[in-house]
Amino acid sequence: MSPFARRRLARAKGYGWPGFLGDCSGGAIAALIALPYGLAMASLMGLPPVLGVFTSILTAPVIAALGRNPVLIGGTASATVPFIALAVRGQGLGGAAKVSIVASVIMMGFCVIRLGRHITRVPHAVVTGFSCGIGAMMLISQLDTILGVDSTATRSAGSTLMQLAAVAERIGSTRLAPLLLGMVVMVAATLAARWSSRAPAPLIGVALAIVLANLMGFHEREIGALRAGLPPFVGFSWSPQDVLTVLPSGFALAFVSSVNILITSRVVEHFRGRHQRMKTSDADAELGAYGIANLCAGMFGAPLSVGIPARSLAVVRCGGTTRVANLLHAVFLAAILWVGSGVVGHVPLPALAGVTAWMGLCLLDWSTWRRLPKMSRADAAAFLVTALSVLAVNAVLAVALGCSIYALRGAYVRWVKPAGRVPDLQID
């Protein structure tokens, strides 16, 4: 029996009702977060919105079975939008399927050539900066919905900082009802988390927001009706021109997704209290698992699945500890689509925005900010550059910029500093 299988067996023997309830509550709130986000991301790509939800349903069983991080929850992410949207504009749904399938095969190739282990060498300061930047991005992205000023201008901004500026311009139009619903979720989730680390804090907040909306007669936008039914296989054909169009996009999509998956995995492990680096073999296997899972989703035209910080952190905050939470998050999503779409469809969007904003606040990692004056100059600079770059450009480029700080420091120590050193005086 392999060491990995022995670890799984040992964990299974100690698994009981408390662990199962934590996985259930974590899976439920992760599914609630996945619904509006998945629908929105698929719409931005030009795909049928429900495919953004089916990404999680189709990939979660494979990721739960083969993935190494048990609470890394995958789904449709904004980082993949430009690549798939370009394929949809060029070749429709078949183009999206082709670029996703190519990217999935390349990700499996990354696993075979053991590329994942190199991404795990990203310094800890860059990882925490990435975490804080993603947290701030999640918070800012929901401000327009919580304040009731969301519009095409606030949603089409080129970067998170531009979106914040667009929201600031409309701050005078803030409405009370969505603000109350969002704040109720955030305050209730904070108090529930302080009361018990295993309490389903976000779920409690959403329930209280629904009660408040009914008592006060608020009529805010809701998730809405969801169309059930498994999407059909996508038909497409390959052409010689795909070598120049699909292959480059597929490679770029695979690289962006791989960086996102492994960095998000490290962030999740950090918030689980495990500060050791991921094992090199685990990093490679994680990419292989996501490659196989996305290959299954790509056949239906569903967009690529990558690690989602909000859903993963929701599982951790609700007491989820095993891969059962990942599987249950897909089960709850499927149940919502086929059975409970009428009930969940009435959940106010400001309440779900409050959940995402609260998750963003949790990801800000306040302990790192308190330690910032005591950090070395390189660590502090890498942390700040990464966090700000996530908001100004994108997550993958932010990681590259953060790592470049250490490359510059290494070059300075090796080439510049020795040249300026005063030679020792020799006494005859």
To the nearest 10 degrees, the tilt of helix 349-363 (Cα long axis) against the first principal axis of the alpha carbons of the chain is 20 degrees
Under the rule rounded for a/c under 1.5, else prolate if a/b exceeds b/c, else oblate, using alpha carbon gyration tensor axes a ≥ b ≥ c, the range 29-110 is classed as oblate
With R₀ set to 35 angstrom, the calculated FRET efficiency between the beta-carbons of LEU247 and ASN214, to the nearest 0.05, is 0.10
Going fewest to most other Cβ atoms within 10 Å around each Cβ, LYS98, LYS374 line up as LYS374, LYS98
Expected sort for ASP23, ASP150 with the fewest Cβ neighbours (10 Å cutoff) up front is ASP150, ASP23
Helix 124-147 sits off the longest principal axis of the Cα atoms of the chain, rounded to the nearest 10 on a 0 to 90 degree scale, by 30 degrees
Reduced to Cα centres, the span from the range 364-417 to the range 19-86 in Å works out to 30 Å
Quick shape summary for the range 9-166, equivalent ellipsoid via Cα gyration tensor, semi-axes whole Å in descending order, reads 28, 23, 19
A correct fewest-to-most ranking of SER312, SER104 by other Cβ atoms within 10 Å would be SER104, SER312
For the SER376, SER281 Cβ pair and Förster radius 30 Å, calculated FRET efficiency rounded to 0.05 is 0.50
Mean projected area, convex hull of alpha-carbon positions in the chain, reported to one decimal in nm², is 26.8 nm²
Quick calc: nm separation of the 7 Å Cα→Cβ label points for ALA335 and ARG121 -> 4.5 nm
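Each reported figure results from applying straightforward, stated rules to the coordinates on display, with no laboratory input. Keep in mind that this is a model prediction, so the values were computed, not measured. Ideal geometry is used to build each Cβ from the backbone, glycine not excepted, and the neighbour counts take in all protein chains shown.
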